Amino acid sequence: MNQRVLAERARRAIPGGVNSGQRNVPGLSDLVIAHAEGARFRDADGKEYLDFHAAFGPPLLGHNDPDVNAAVAEAGNGADLCGVGVTEGEVELAETLAELVPSVERVLLTSTGSEATFHALRVARAATGRRLVVKFQGCYHGWHDSVSLNVISSAEKVGGRDPISTGILPEVLEATLVLPFNSSQAVRQAFADHGADIAAVIVEPVPHNVGCLLPEQEFLRTLREECTKAGSVLVFDEVITGFRHHLGGWQAISGVTPDLTTMGKAIANGYPVGALGGRADLMDLFSSRPGGPAFFAGTYNGHPAVVAAALATLRKLRAEPVHAHVFALGERIRSGLTEVFDSLGIPALVTGYGSVFVGYFMTGPARTYDDLLRNDANMFIGYRRRLLDHGIFELPLNLKRSHVSYAHTDADVDRLLEAAAVAARQAGGEVQDLAAASTMGGAVR
Ligand code: PMP
């Protein structure tokens with residue numbers, strides 16, 4: 001059935017026509033996905049895209065990886081979800097995560113990253129008996145209330161109230177402090193002012209939800225020191241960085257070990273698995289009994305099919321040169337795009353890490369969220385819209401990062417760089433036209 005008809009049916013049956021907030025992209029409201037394989041997906045009208053969006057990051061091996069899918073199919077012949085006891089796969093996965101991720105002594109499985117961050121904060125409050133949660137500008141940790149102060153809170157709203165949703169109790173928002181990323185000084189001040197009331201500090205060690213802000217070592221070390229001094233729980237939200245950047249997550253790269261770690265996305269190449277792991281004394285507060293010190297539950301947790309997907313993904317990440325491949329392609333893209341924009345005289349900062357890349361249309365550093373306010377959003381979105389004309393998919397929403405997978409090739413990178421030159425020139429022209437029209441008082445919408 002044709003895309004437009006399907007999309008119209010979707011809008012009648014599904015609020016907004018999609019099943020997650022950020023899938024509703026201006027200009028792409030009729031997009032219906034029909035097929036995905038490796039580094040590509042195809043829409044229901046047969047148009048193929050080279051995919052650098054990668055579903056916000058899970059398919060590190062590429063879409064529909066045959067080894068992962070085979071493991072899932074095989075799981076269909078074994079234990080089904082029985083809602084009692086544990087399976088061998090769950091034991092193996094927990095042991096593997098404890099082996100790989102420095103902070104993990106014990107681990108619980110969830111279905112999503114949001115559930116993992118929810119439970120991290122719940123157990124931090126249970127352990128400390130304290131109220132406050134500290135988070136950072138530019139970081140997203142899921143949809144639940146305790147982390148709902150907006151990912152893009154601007155400087156004047158630091159510590160202010162800028163929730164991602166209505167319907168959240170003011171008491172919950174008031175229990176959340178938002179600080180600028182990479183500011184050790186702000187962290188020290190928050191602990192000086194509120195230390196005895198801070199249950200947890202939660203941070204994306206690399207805030208990839210606004211593209212890429214690389215953490216300064218001193219900042220991560222300050223988080224560790226202040227949490228240890230005050231008896232607060234340090235949570236690294238490694239839902240994006242975990243497995244993608246290193247099998248042990250950013251904590252293995254930085255050498256800074258949090259108390260708790262949340263995981264998701266690349267852990268199972270796109271199958272719905274999240275995990276919360278960490279210090280045994282904290283994790284052991286989760287009781288299987290209702291009313292236990294901290295309650296944890298979920299009908300689908302540890303489903304044999306998704307556990308098989310995670311085990312197959314981690315096996316492949318360990319056995320094959322996945323990281324070497326995606327890091328090399330990521331580096332080629334970052335240096336190639338820098339050359340393209342430089343040669344066109346377009347001010348740009350191309351950054352990222354390993355398999356993640358993002359080109360901001362601005363000059364100067366990207367240390368904090370406020371630095372990203374210099375990014376030219378019209379150019380950022382316009383460039384990506386023009387890339388779509390070339391069959392290249394980078395999400396046309398401001399500040400979104402892009403990803404390469406094990407399924408991308410050098411030829412795919414060549415294609416991106418060729419298209420980038422044309423798309424950037426076109427978008428640059430359109431942005432100038434827009435600016436000229438607005439200074440002439442033209443009607444600009
Ligand atoms: N933490 C981070 C860092 C994320 O990027 C996300 C999702 N984008 C989440 C948590 C929430 O994960 P999920 O969407 O699986 O609930």
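Values computed for the structure shown
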{"read-out": "Accessible-area composition of the chain, carbon plus sulfur, in percent [1.4 Å probe]", "value": "53"}
{"read-out": "Other-chain or far-sequence residues with amide H under 5 Å of residue 398's (modelled H)", "value": "none"}
{"read-out": "For the chain: rounded, prolate or oblate by the Cα gyration tensor [a/c cutoff 1.5]", "value": "oblate"}
{"read-out": "Unit charges at the beta carbon, dipole of the stretch 215-330: most positive-side option, 326, 280, 312", "value": "312"}
{"read-out": "Theoretical FRET efficiency, 1/(1+(r/R0)^6), r = Cβ-Cβ of residue 436 and residue 328, R0 30 Å, to 0.05", "value": "0.15"}
{"read-out": "Cα gyration tensor category, rounded, prolate or oblate, for the stretch 51-172 with a/c compared to 1.5", "value": "prolate"}
{"read-out": "Cα-projected label distance for residue 300 with residue 169, points at 7 Å along beta-carbon direction, nm", "value": "2.7"}
{"read-out": "Computed FRET value (nearest 0.05) for residue 79 with residue 33, which takes r as the C-beta separation and R₀ as 45 Å", "value": "0.90"}
{"read-out": "Peptides ranked, highest mean first, by Cβ atoms within 10 Å: ranges 198-208, 39-49, 249-259, 381-391", "value": "198-208, 249-259, 381-391, 39-49"}
{"read-out": "Model label zone, residue 86; criterion: amide N under 11 Å from point 7 Å along Cα-to-beta-carbon; scope the stretch 98-127", "value": "106-109"}
{"read-out": "Å² of accessible area per residue within the chain, as computed with a 1.4 Å probe and no ligands counted", "value": "42"}
{"read-out": "30 Å Cα-Cα reach of residue 135 towards lysines, excluding residues that sit fewer than 8 places from it in its own chain", "value": "157, 229, 265, 400"}
{"read-out": "Placed amide H near residue 233: partners under 5 Å, 5+ positions off or other chain", "value": "200, 201"}
{"read-out": "Peptides 356-364, 17-25 ordered by average Cβ neighbours within 10 Å, highest first", "value": "356-364, 17-25"}
{"read-out": "Inter-centroid distance (Cα atoms) of the stretch 17-93 relative to the stretch 389-445, Å", "value": "26"}
{"read-out": "Global form of the stretch 133-266, assessed from the alpha-carbon gyration tensor, a/c cut-off 1.5", "value": "oblate"}
{"read-out": "Distance in nm between pseudo-label sites at residue 214 and residue 131 (7 Å out along the Cβ direction from Cα)", "value": "4.0"}
{"read-out": "Pairwise label distance in nanometres, residue 344 with residue 5, each label 7 Å out on the Cα-Cβ vector", "value": "3.8"}
{"read-out": "For peptides 261-270, 115-124, sequence by mean Cβ density within 10 Å, most packed first", "value": "261-270, 115-124"}
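The values are calculated or read from the model by the stated rules, or taken from the named source; none is laboratory data. Treat the numbers as computed from the prediction; the structure is a model and nothing was measured. No Cβ is skipped: glycine too gets one built from the backbone with ideal geometry, and neighbour counts run over all protein chains shown. Ligands, DNA and RNA are stripped out before the accessible areas are found, and what is left, the full protein with its side chains, is counted by its heavy atoms. Shrake-Rupley method; radii C 1.70, N 1.55, O 1.52, S 1.80 Å.
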